[in-house]
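One structure is given here, and the rest of the page talks about it.
The values are calculated or read from the model by the stated rules, or taken from the named source; none is laboratory data. This structure is a prediction, so every number in the text was calculated from the model and none was measured. Cβ coordinates were reconstructed from backbone atoms using ideal geometry, including for glycine residues, and neighbour counts include every protein chain displayed. Note: accessible area is taken over every heavy atom of the protein model, side chains too, but ligands, DNA and RNA are not part of it. Shrake-Rupley method; radii C 1.70, N 1.55, O 1.52, S 1.80 Å.
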Amino acid sequence: MAGPAGNIALVDYQPVGTAAQQIRGFDATVRRNPGEPGVWIVPGRDGLLRRTAERDAPLAAGSETFLALRGGDGFPLLIDDRRTIDAFSLDGSDIELRIYDADAPGFARFAGIDVCAYDDAWVLSGIFRAHDEVQHVPWGFTRQTDTGHAKAVPGVIEVTVAGESHAFTVFADHGALVLVFADGTTGTDSYAPGRFLKMDAAETGAEVTLDFNFAIVPPCGFSDFYSCPLPPPENRVTAPIRAGEMRALWS
């Protein structure tokens, strides 16, 4: 969280258009397609972004590398003495640059993460029920302009939480299943609008373990410049889930 390109360090984002544009706060120009010397961003095959760096980037002239669009852990496009830039896309269509600053104001206020002690009671077993085919479901996001972007939903997880039966909608993320959920602590004792829980992918009908002790605060809990998926109605639990990470602490 507190690294030079960690979640706290995100200080800006910038959509990439079709024309050449200056990167805010960075002595570089970005272009959606190859042209004049600079940084070229080209949508590639397999959901990848091709990065060609010339005089404006700290790489050998003409070098080419690849950056996964949808991964928050992709290697950076550009680095200077304190700032880092990578690229991100919610669903492979619109592309934005994310700008991190090792001197971001949030570092001075960050006081850690409120985490619950491990509790075996929050290790639950559920059953994964796959859809006939992966559904691309319009989703809500903390950044209103992103609402409507689709998430790939392979199925649901049937599980009982504090005596209530649920069929949680989960989306696919790099071979894992991600549950975005809210519960009885959301907005009071834990981060609003909700938290994340990641699990291994499973075959339909297989048992899956939901260990809420590994629930995490999403990136938007550390910087307002992130856009995070919101829990859909079916992923809202009445009971308080006091497990895992609850919220970021600020001084």
Residue hits (region 91-139; within 23 Å of the chain's Cα centre (by Cα) and polar (S, T, N, Q)) are S93, Q135
When you go through (1) of a type outside the set (A, V, I, L, M, F, W, C); (2) over 15 Å from I95 (Cβ atoms); (3) at pLDDT 75 or above one by one for Q21, which number turns out not to apply?
-> (2)
Quick check: is even one residue across region 118-140 touching a helix residue (DSSP H, G or I) at 6+ places or on another chain (Cβ under 6 Å) and either open to solvent by 40 Å² or more (accessible area, probe 1.4 Å) or modelled with pLDDT under 95 (or both)?
-> yes
Would you confirm whether any residue within region 195-208 is in contact (Cβ under 8 Å) with a residue 24 or more places away in the chain, polar (S, T, N, Q) and within 14 Å of E234 (Cα to Cα)?
-> no
If we ask which residues in region 152-187 are at pLDDT below 95 and crowded, with 16+ Cβ neighbours inside 10 Å, their number turns out to be 1
Hits in region 1-22 (condition: out of contact with any Gly (no Cβ under 6 Å at 6 or more places or on another chain), in contact (Cβ under 8 Å) with a residue 24 or more places away in the chain and outside any strand (DSSP E or B)) = M1, A2, P4, A5, G6, N7, A9, V16
Which ones in region 188-236 are among the β-branched types (V, I, T) and either farther than 21 Å from L90 by Cβ or open to solvent by less than 10 Å² (accessible area, probe 1.4 Å) (or both)?
-> T188, T204, V208, T209, V217
Can you tell me which residue within region 57-100, out of those that are acidic (D, E) and either open to solvent by 20 Å² or more (accessible area, probe 1.4 Å) or modelled with pLDDT under 50 (or both), is farthest from F214 (Cα to Cα)?
-> E64
By residue number, the members of region 140-165 that are closer than 30 Å to W122 by Cα and under 13 Å from the mean Cα position of the chain (by Cα) are F141, T142, K151
